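Engineer: Take a look at the following structure, please.
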Amino acid sequence: MKNTFWPHTGRVLVQGLLLLCLRLAQNRTGFDPVTGLSVRSVPGLALIACLLLCALAELILCRKLSGERGEFAAHFAPPERETLLLAAGSVLLAGGGALLLVSALPQRGLAAIAAGATAAASGLGFLLLAKRFQAGAELSVLPVLPSMFFSVFFVLTVYLPAESDPVLARYYIPVLASALTAYAFSLLGGFLRKESSPRAFTFVADLAVLLCITALADANGLGELLLFAGCALVLASFLALRRETALDTPQAETGNP
């Protein structure tokens with residue numbers, strides 16, 4: 001039996017929206033308007049405290065999950081009502097990638113160009129994976145490969161423009177969001193190689209969704225905003241598809257995340 005949308009996935013999305021509100025408030029009150037330096041603010045302190053509490057809560061909750069490694073179909077159910085959520089995330093990824101690619105061409109930013117191109121391919125890849133999964137066809141890691149390349153280039157796209165910024169509070173959220181998204185996509189691809197466990201994936205994907213939603217407040221342009229939103233929705237859809245109990249398969253094996 002797969003997880004219902006509530007309470008797990010819906011809870012993560014709601015938490016992400018609450019963190020987004022705190023980040024928006026911090027951006028308005030947590031930086032000096034003249035120097036741009038970080039100043040002490042209640043929303044900023046509350047955001048850090050809530051992030052730490054969420055991470056601790058996810059760690060405790062995910063320790064109860066299985067560390068069993070097996071086939072993709074053993075740990076995820078074919079999408080039904082979740083198809084709309086996955087399709088929306090895939091379209092946002094593809095659209096955000098196209099916008100990022102177009103905006104990066106004049107500046108010849110190689111990381112952004114690569115991220116834009118692979119993001120568009122990632123959206124198509126997730127749609128292909130969902131279609132093949134629903135049809136009961138044999139699955140391979142190929143449809144997920146573009147997302148794994150995209151997420152690496154996305155980390156560079158987010159981090160490189162901010163690497164010389166001395167104010168960590170200004171950019172730590174989008175950098176963490178892109179880094180955890182890269183890890184979550186690699187774990188998702190690992191299921192297709194029987195190398196990932198629900199325990200590790202759920203913990204990392206939960207935090208990635210929370211941070212991607214929060215990072216919407218810091219997106220640099222519409223393309224980046226769509227990419228963060230797309231990553232959040234795609235990962236949320238796979239969290240909703242995760243089975244509470246893995247199916248028995250002859251190839252399943254047990255191990256730590």
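Engineer: Grab the Cα-Cα distance for residue 38 and residue 142, subtract it from 0.36 nm times how many residues apart they are, and report the gain in nm with one decimal.
Structural biologist: Details: separation 104, 0.36 × 104 = 37.44 nm, distance 4.34 nm.
Length gained, residue 38 through residue 142: 33.1 nm.
Engineer: Is the chain rounded, prolate or oblate when judged by the Cα gyration tensor, a ≥ b ≥ c being the square roots of its eigenvalues, rounded requiring a/c under 1.5 and prolate requiring a/b larger than b/c?
Structural biologist: On the way: a/c = 2.15, a/b = 1.41, b/c = 1.52.
Here the chain falls in the oblate category.
Engineer: Per residue, how large is the accessible surface of the chain? Use a 1.4 angstrom probe and give square angstrom.
Structural biologist: Working: 12240 Å² over 257 residues.
With the other protein chains kept in place, the chain gives 48 Å² per residue.
Engineer: With point charges of +1 on the Cβ of Lys and Arg and -1 on the Cβ of Asp and Glu, referenced to the Cα centre of the chain, which listed residue (7, 228, 70) lies farthest in the positive direction of the dipole?
Structural biologist: Farthest towards the positive end: 7.
Engineer: Enumerate the amide H contacts of residue 243 below 5 Å, restricted to partners 5 or more residues apart or on another chain; note that Pro and chain-start residues carry no placed amide H.
Structural biologist: Excluding prolines and chain starts, which carry no amide H, the hits are 3, 76, 77.
Engineer: With the Cα gyration tensor of the range 52-123 giving a ≥ b ≥ c as the square roots of its eigenvalues, does the rule (a/c under 1.5 for rounded; else a/b larger than b/c for prolate; else oblate) give rounded, prolate or oblate?
Structural biologist: Values: a/c = 2.66, a/b = 1.79, b/c = 1.49.
Judged from the Cα gyration tensor, the range 52-123 comes out prolate (a/c at least 1.5, a/b above b/c).
Engineer: Residue by residue through the range 32-37, what is 3J(HN,Hα) from phi via Karplus (6.51 cos²θ - 1.76 cosθ + 1.60, θ = phi - 60°)? Round to whole Hz and write x for glycine and proline.
Structural biologist: Residue by residue, the range 32-37 yields 5, x, 8, 8, x, 6 Hz.
Engineer: Let me ask something else. Which one, 107, 31, 133, is farthest towards the positive end of the dipole of the range 1-154 when Lys and Arg carry +1 and Asp and Glu -1 on their Cβ?
Structural biologist: Toward the positive end, the furthest listed residue is 31.
Engineer: In nm, to one decimal, how far is the residue 220 label point from the residue 102 one, both placed 7 Å along Cα→Cβ?
Structural biologist: 2.0 nm
Engineer: Provide the gained length on full extension for the span residue 29 to residue 172, in nm with one decimal, where the gain is 0.36 nm per separating residue minus the Cα-Cα distance.
Structural biologist: Details: separation 143, 0.36 × 143 = 51.48 nm, distance 1.68 nm.
Length gained, residue 29 through residue 172: 49.8 nm.
Engineer: Can you give the local net charge around residue 30? Use residues other than it whose beta-carbon is closer than 15 angstrom to its beta-carbon, Lys and Arg +1, Asp and Glu -1. Mind dumping the intermediate values first?
Structural biologist: On the way: positive: 23, 28, 40, 170; negative: 32, 165, 218.
That sum, taken over residues with Cβ under 15 Å, equals +1.
Engineer: Under a Cβ-only charge scheme (Lys and Arg +1, Asp and Glu -1), can you give me the dipole magnitude of the range 134-257 about the Cα centre, in debye to the nearest 20? Before the final figure, lay out the partial values.
Structural biologist: Values: 6 positive and 10 negative charges, 24 e Å.
In debye, rounded to 20, the range 134-257 gives about 120.
Engineer: So what's the angle, to the nearest 10 degrees on a 0 to 90 scale, between helix 168-191 and the longest Cα principal axis of the chain?
Structural biologist: Computed tilt is about 10 degrees.
Engineer: Here is a follow-up. If you take every residue apart from residue 158 with its C-beta less than 14 Å away from the C-beta of residue 158, what net charge results, scoring Lys and Arg +1 and Asp and Glu -1? Spell out each step's value before the answer.
Structural biologist: Working: positive: 170; negative: 163, 165, 218, 224.
Its environment carries a net charge of -3.
Engineer: Roughly how tilted is helix 83-104, in degrees to the nearest 10 and between 0 and 90, from the longest Cα axis of the chain?
Structural biologist: 40 degrees
Engineer: What nm distance separates the two modelled labels at residue 63 and residue 21, each placed 7 Å from Cα along Cα→Cβ?
Structural biologist: About 3.1 nm separates the two model spin labels.
Engineer: Further, regarding this structure: Working from Cα positions, state the angle (0 to 90°, nearest 10) between the long axis of helix 145-159 and the longest principal axis of the chain.
Structural biologist: Tilt of helix 145-159: around 20 degrees.
Engineer: Could you please state how large a percent of the accessible area of the range 21-91 is carbon and sulfur, counting protein chains only and using a 1.4 Å probe? Show your work: numbers first, answer last.
Structural biologist: Working: 2850 of 4120 Å².
Whole-percent figure for carbon plus sulfur exposure: 69.
Engineer: Okay, moving on. Work through the residues other than residue 75 whose Cβ is under 9 Å from its Cβ and net out their charges, Lys, Arg +1 and Asp, Glu -1. Before the final figure, lay out each step's value.
Structural biologist: Details: positive: 69, 242, 243; negative: 68, 71.
Net charge in that neighbourhood comes out at +1.
The values are calculated or read from the model by the stated rules, or taken from the named source; none is laboratory data. Note that this is a predicted model, so its numbers are computed, not measured. No Cβ is skipped: glycine too gets one built from the backbone with ideal geometry, and neighbour counts run over all protein chains shown. SASA here: full protein model, heavy atoms, side chains in, ligands and nucleic acids out. Shrake-Rupley method; radii C 1.70, N 1.55, O 1.52, S 1.80 Å.
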